[in-house]
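Notes for the one structure printed next.
The values are calculated or read from the model by the stated rules, or taken from the named source; none is laboratory data. In this text, all values refer to a predicted model and were calculated from it rather than measured experimentally. Glycine gets a Cβ as well: all are built from the backbone with ideal geometry, and neighbour counts include every protein chain shown. Surface accessibility is based on the protein's heavy atoms, side chains included, excluding ligands, DNA and RNA. Shrake-Rupley method; radii C 1.70, N 1.55, O 1.52, S 1.80 Å.
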Amino acid sequence: MQIEELYDLTSWIQAEIVDKQIVQKYQQLHKVLQANTQPNQQKQPFEEQKEQLIKALKSVALVELSNGQIEVLKEIGIADNVGQEGVDQLEDTLFRNALDIAHAAERVQQSIQKISEGVQWSKQTRELLNKIITTEEVTEIGNAVLLRVHFTREAHLSNLTELKDWGKTWWDIGRGIGMAHGQAPEDIQVVGASKGSLIVSLLSAYPIAKTVSAIIMDALKVIEKVYDIKKKAQEVRALELANDEAEKSLLDAAEAEKQNGVETIITKNIDEIGLDRKAEGDKVNELSSAIKKLVDFVEKGGEIDFVLPDEEQAEEGEEPDQNTQERETLRVMFKEVRRIEKKVHQLEHKDH
């Protein structure tokens, strides 16, 4: 993770956890639960405190974080206690322990402690980072969407030749998708890079980010099907029946599934963007090439993480603007991409 990402995470924790008073709302629920554990005392309802806490937990914008930031959030004890996961955990705690209020109160107290420790870690980390980084050094993404491209597994970078090849590939991807939306590769900014498994940070407009995420989402679904077919081929091989024909047939089916899936993705995106196949043949060809290369990148293990810009609050009674609507669409898409990506990673680990 880049230092800048860590600095941004501390800002996010202040805005989403501290300012939204997540700990205080947990404490309000805990206070009632704890009172209900006292003997010979009339039981107090806690539905209001529970609903207020659930509303606050659902409002925590985890989609604004990169995968790396979410991993850190898990490590410091916050991620599991906020968002939908936090809601599920809370409801599970109260439902399963409906007849054991003392245990329910204990579980809620554990959540309070974990989040409080995470907030304290964030404050200490920010104080340390303030000594080596200034707000002027933090990338302002404005209304753009940040795409972090991770070169991992078979899509890794270990020498200059691979850097040149993948650089050309990503220029083609950016050019193809950008052209389809009337933009040039120069409109997609490179705003940073870090080492490790190399990560390149790109800034793109909403339409480009939407197309990229749609391609990745569909590509992951295709890859999931391909893995399932290849898994069956491995099972045939493991039977040691010397049935090479059956194994080859399954591997051919996997390749056909991939090719058909890619063609479907190409057709879908051409139609959704609204390109005229005859009048805009050059854009169609460049987009098709970009999609094939992006699917190949994802299949080889490359990852693209998305970070949405800070949300601008609309005035009371004001209609959501186009950016707000686009943002909500992307929020749903990014969440689905991460869900499928997690499922595909599980399949990968089973195969190895």
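Would you pick out the residues in segment 253-304 that are among the acidic types (D, E) and not in a helix (DSSP H, G or I)? It would help to see each step written out before you state the result.
Of all residues in segment 253-304, those among the acidic types (D, E) come to 255, 257, 263, 271-272, 276, 280, 282, 286, 296, 299, 303.
Within segment 253-304, D276, E280, E303 qualify.
When the residues of segment 289-303 are filtered to those that are touching a helix residue (DSSP H, G or I) at 6+ places or on another chain (Cβ under 7 Å) and open to solvent by 10 Å² or more (accessible area, probe 1.4 Å), which remaining residue is farthest from K343 (Cα to Cα)?
S289
Filter segment 31-79 for residues that are β-branched (V, I, T) and within 17 Å of the chain's Cα centre (by Cα); which is nearest to A104 (Cα to Cα)?
Pass one, segment 31-79, residues β-branched (V, I, T): 32, 37, 54, 60, 63, 70, 72, 76, 78.
In the following step, the residues that additionally are within 17 Å of the chain's Cα centre (by Cα) were identified as 60, 63, 70, 72, 78.
Working: V60: 23, V63: 29, I70: 26, V72: 27, I78: 19 Å.
Only one residue tops the list, namely I78.
Take the residues in segment 147-173 that are among the charged types (D, E, K, R) and open to solvent by less than 30 Å² (accessible area, probe 1.4 Å); name whichever of them is nearest to the chain's Cα centre (by Cα).
Ranking the candidates gives R148 first.
Please pick out the residue among A209, A242, A246 that is at pLDDT below 90 and not in a helix (DSSP H, G or I).
Checking each option against the conditions leaves just A242.
Which one is nearest to L220 (Cα to Cα) among residues in segment 304-330 that are open to solvent by 50 Å² or more (accessible area, probe 1.4 Å) and at pLDDT 70 or above?
T329
Would you mind stating whether E106 is under 30 Å from H345 (Cα atoms) and open to solvent by 10 Å² or more (accessible area, probe 1.4 Å)?
Numbers: under 30 Å from H345 (Cα atoms): no; open to solvent by 10 Å² or more (accessible area, probe 1.4 Å): yes.
When the stated conditions are applied, E106 does not pass them.
Considering only residues that are polar (S, T, N, Q) and over 20 Å from V307 (Cα atoms), look in segment 119-143 and name the one that is modelled with the lowest pLDDT.
Per the criteria, the residue is T134.
For residues that are aliphatic (A, V, I, L, M) and within 19 Å of V23 (Cα to Cα), scanning just segment 90-101, find the one that is least open to solvent (accessible area, probe 1.4 Å).
Among those residues, the one meeting the criterion is L90.
Considering segment 231-278 alone, what residues qualify as being among the basic types (K, R) and either in contact with a Pro (Cβ under 8 Å, 6 or more places away or on another chain) or more than 28 Å from G176 (Cβ to Cβ) (or both)?
K231, K232, R237, K248
Just one of Q109, Q84 is modelled with pLDDT of 80 or more, over 28 Å from V337 (Cβ atoms) and either out of contact with any strand residue (DSSP E or B) (no Cβ under 9 Å at 6 or more places or on another chain) or of a type in the set (D, E, K, R) (or both); which is it?
Every option except Q109 fails the conditions.
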